[in-house]
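Notes follow once the structure below has been shown.
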Amino acid sequence: MKKEYRLEDLDCANCAAKIEDAVKNIEGVKECSVSFITEKMIIEIEEDKEKEIEKQIKKLVKKIEPDTILKAI
Amino acid sequence: MKKRLIKIVISAIIFLIAICIGKFNFINLDENILSIIQIVLYVLSYLIVGFEIVKKAVINIFHGELFDENFLMSIATIGAFAIQEFPEAVAVMLFYQVGEYFQSYAVKKSRKSIASLMDIRPDYANLKVNGNIEKKSPEEVKIGDTIVIKPGEKVPLDGVVIDGNSMLDTSALTGESVPREIKVNDKILSGCINVNGVLEVKVEKEFGESTVSKILDLVENATNKKAKTENFITKFSKYYTPIVVFLALLIAFIPPMVTKTDMLEWVYRALTFLVVSCPCALVISVPLSFFSGIGAASKKGILVKGSNYLELLSKTEIAVFDKTGTLTEGVFEVQKIANEKEITKEELLELAAYCESYSNHPISSSIQKAYGKEIDKNRIEDSKEFSGKGIISKIDNKEIACGNIKLMETIGLKNINQVDEIGTAVYVAIGKQYAGYILISDKIKEDSRKAIQELKKVGIQKTVMLTGDNKDVAEKVNQELKLDEVYSELLPVDKVNKLEELLKNKNEDTKLAFIGDGINDAPVLARADIGIAMGGLGSDAAIEAADIVIMTDEPSKIATAIKISRKTLKIVYQNISFALIVKIGVLILSAFGLASMWAAVFADVGVTVLAVLNSFRALKQN
């Protein structure tokens, strides 16, 4: 399934790339693309794992860029 | 944002004071006291502007983020303090922050300018309920509801006009500045602006399915489809930072051990390395350029579905066109009525319309359409269709024959000049006397010829036309348009095969674009390197199938799109090479002790700023 998130206050382009890379490595994530410009993350994940994956992504984002807030859209 | 700016300014002022008192020593202080005051001021200035960074660096170390830019900057500046290069330490942090500030300003600005470019999202819909009007959000309106659109308002949902007429400004969708007329029973698309009249519209699609939502979604997600160049840079930067840091370590320790020279000098050089170790300029300017390019294109009514497609488009050297509906209008119309002396044009058309009134052939319907009046069936006594030839009817007691040259020969007219024009000629005879002909054809779009010329001008190597039409028609169309190759009488399957053949025979590095109307050429659109759909406005199929959608009916927009893509890619390459050359240059110079930390700050911040500014140029397209 496809999910979209907004990454509010994503201020550094390098971090966007890092987040993208890290999220790709989460188990159950098939595809991840972060656009620094539109502050948007689009992921393709396995069904039923939505909650678990979202929790992990939140943790990752906080770790890589503490000022950025992840919001589902 | 504002707080950051204030910090930078205060810190800069303190920094300047510290430098000045060192230079001029206004109040004749003792050297030692003076230098202590100076150091205090430097540290103060540093903390104001750099504390955030150091704090983040410390936190990130605990997160295991070692090559994070905050960390690198902290090390470089604290290191500079340690070897007593105070002004450098402060300057590096100060300029780094200035750069960051500018960068986030620039990004915010470009986010905004693209948003305003795509400012077509309607805020509300005037829903009509029992004669009253209620303001609702467009999401709440359902199919079948009636909405009212007042002058100056955006059309919130797709539908059909049931009352009123007006002019419609479609420029936000198509880049076309001339307003379009709209009246009862016309389809109306969301995202347009109603110019003067009040319209009542029956909603046909929910907001999520409406044109405006689709387009916004498409443009917003375009930067998520990344170009190869972009992915390459991301990968490159992943290695760049660790390598530079590693080199810095080598420089700090190896040469002093080998040559037994002053270690401080080498540490200074190593710290200079750290300052240029951030790949920011590259990482930020590449997506920014693509985004600007996509924005510029959408302003011209060209929707690019991803950065990757913009990149592919710039490498296009073969343009393959579908004929009907792309280069031609796709509607069959009476183009010409050639009457003999004994009869007027109107009479000829009237007779032909009556003669063919019982036929449901497309030719007949276009003649009926041109005639445009009701047929009085009492005037027709008899009507007989001759398959593959035409029709002979008896009207007002006269025998009228309408058909091709074979029909004329059947009734004994042998010396008629065959018409040598694009399209199908319907010859008309009245009582075995030749009366003239009516030419019906699919009109070539006004813009098509210019489109092909423009493509050649921008350096497209080969233009090809594919059509299911017969050879004569295809050749005649091409006499006017002058494409390089024409393949006619192709079934839909043949079109795919022909495309495969063209793909196989071309050079690996060059790309092939297929331009169609998205109606029955979806497989070909999908198979080409880049599928471009024409006249996408309102056609879901076209928006779905293509990589690039031209919202208007003008094929000349393809050359515009190619120009935009080339300019964008040029800017991308400029930025990459500029950033790399400066950074590597500074690395080499500082390794030999020829570049100071000041030069390194420029290589880092200055290059980023210049690259960001340069990428804005992609927004401006002529």
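The values are calculated or read from the model by the stated rules, or taken from the named source; none is laboratory data. Note that the structure is a prediction, hence the values are computed from the model and not measured. Quick reminder, even Gly has a Cβ in these numbers, built from the backbone with ideal geometry, and neighbours come from all protein chains shown.
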Those strands (runs of 3 or more DSSP E) lying entirely in the stretch B:511-568 with at least 1 residues in contact with a Pro (Cβ under 9 Å, 6 or more places away or on another chain) and not hydrophobic (A, V, I, L, M, F, W, C): none
Residue list for the stretch B:449-476, restricted to those being assigned to a loop (DSSP other than H, G, I, E, B), farther than 26 Å from residue B:563 by Cα and among the β-branched types (Val, Ile, Thr): B:467
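Yes or no, residue by residue, for (1) under 30 Å from residue B:156 (Cβ atoms); (2) in contact with a strand residue (DSSP E or B) (Cβ under 6 Å, 6 or more places away or on another chain); (3) modelled with pLDDT of 85 or more:
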| position | (1), (2), (3) |
| --- | --- |
| B:42 | no, no, yes |
| B:45 | no, no, yes |
| B:79 | no, no, yes |
| B:101 | no, no, yes |
| B:110 | yes, no, no |
| B:116 | yes, no, no |
| B:122 | yes, yes, yes |
Scan of the stretch B:56-75 for residues that are more than 30 Å from residue B:616 (Cβ to Cβ) and either in contact with a strand residue (DSSP E or B) (Cβ under 9 Å, 6 or more places away or on another chain) or at the interface with another protein chain (Cβ under 10 Å from one of its Cβ atoms) (or both), ordered by number: B:59, B:60, B:62, B:63, B:64, B:65
Hits in the stretch A:26-58 - residues which are in a loop (DSSP other than H, G, I, E, B) and within 14 Å of another protein chain (Cβ to nearest Cβ): A:36, A:37, A:38, A:39
Failed condition for residue B:111, given (1) within 14 Å of chain A (Cβ to nearest Cβ); (2) in contact (Cβ under 8 Å) with a residue 12 or more places away in the chain: (2)
Any hit, the stretch B:247-259, residues being part of a helix (DSSP H, G or I), touching a strand residue (DSSP E or B) at 6+ places or on another chain (Cβ under 9 Å) and not small (Gly, Ala, Ser): no
Failed condition for residue A:10, given (1) within 14 Å of chain B (Cβ to nearest Cβ); (2) without any contact (Cβ under 8 Å) to a residue 40 or more places away in the chain: (2)
Matching residues in the stretch B:76-97 - criterion: being surrounded by fewer than 20 Cβ atoms within 10 Å (Cβ to Cβ) and either aliphatic (A, V, I, L, M) or within 14 Å of another protein chain (Cβ to nearest Cβ) (or both): B:78, B:82, B:83
Failed item, numbered, when residue B:490 is tested on (1) outside any helix (DSSP H, G or I); (2) under 25 Å from residue B:311 (Cβ atoms): (2)
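Would it be correct to say that residue B:106 is within 14 Å of chain A (Cβ to nearest Cβ), in contact with a Phe, Trp or Tyr (Cβ under 8 Å, 6 or more places away or on another chain) and in contact (Cβ under 8 Å) with a residue 60 or more places away in the chain? Don't jump to the end; show me each part of the working.
Values: within 14 Å of chain A (Cβ to nearest Cβ): yes; in contact with a Phe, Trp or Tyr (Cβ under 8 Å, 6 or more places away or on another chain): yes; in contact (Cβ under 8 Å) with a residue 60 or more places away in the chain: yes.
Considered against the rule, which asks whether it is within 14 Å of chain A (Cβ to nearest Cβ), in contact with a Phe, Trp or Tyr (Cβ under 8 Å, 6 or more places away or on another chain) and in contact (Cβ under 8 Å) with a residue 60 or more places away in the chain, residue B:106 comes out as yes.
Does residue B:285 count as in a helix (DSSP H, G or I) and either facing chain A (nearest Cβ under 10 Å) or aromatic (Phe, Trp, Tyr) (or both)? Give the steps one after another, and end with the answer.
Working: in a helix (DSSP H, G or I): yes; either facing chain A (nearest Cβ under 10 Å) or aromatic (Phe, Trp, Tyr) (or both): yes.
Against the criterion (in a helix (DSSP H, G or I) and either facing chain A (nearest Cβ under 10 Å) or aromatic (Phe, Trp, Tyr) (or both)), residue B:285 qualifies.
Would you mind finding the one in B:23, B:56, B:128 that is within 30 Å of residue A:35 (Cβ to Cβ) and of a type outside the set (A, V, I, L, M, F, W, C)?
On the way: B:23 fails: within 30 Å of residue A:35 (Cβ to Cβ); B:128 fails: within 30 Å of residue A:35 (Cβ to Cβ).
Within the list B:23, B:56, B:128, the selection yields B:56.
Results for (1) part of a loop (DSSP other than H, G, I, E, B); (2) over 30 Å from residue B:525 (Cβ atoms); (3) touching a residue at least 12 places away in the same chain (Cβ under 8 Å), shown as yes or no for each residue.
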| site | (1), (2), (3) |
| --- | --- |
| B:384 | no, yes, no |
| B:408 | no, yes, yes |
| B:435 | no, yes, yes |
| B:446 | yes, no, no |
| B:478 | no, no, yes |
Complete set of residues in the stretch B:208-266 that are at pLDDT 85 or above, within 27 Å of residue B:313 (Cβ to Cβ) and not polar (S, T, N, Q): B:225, B:226, B:227, B:228, B:230, B:232, B:233, B:235, B:236
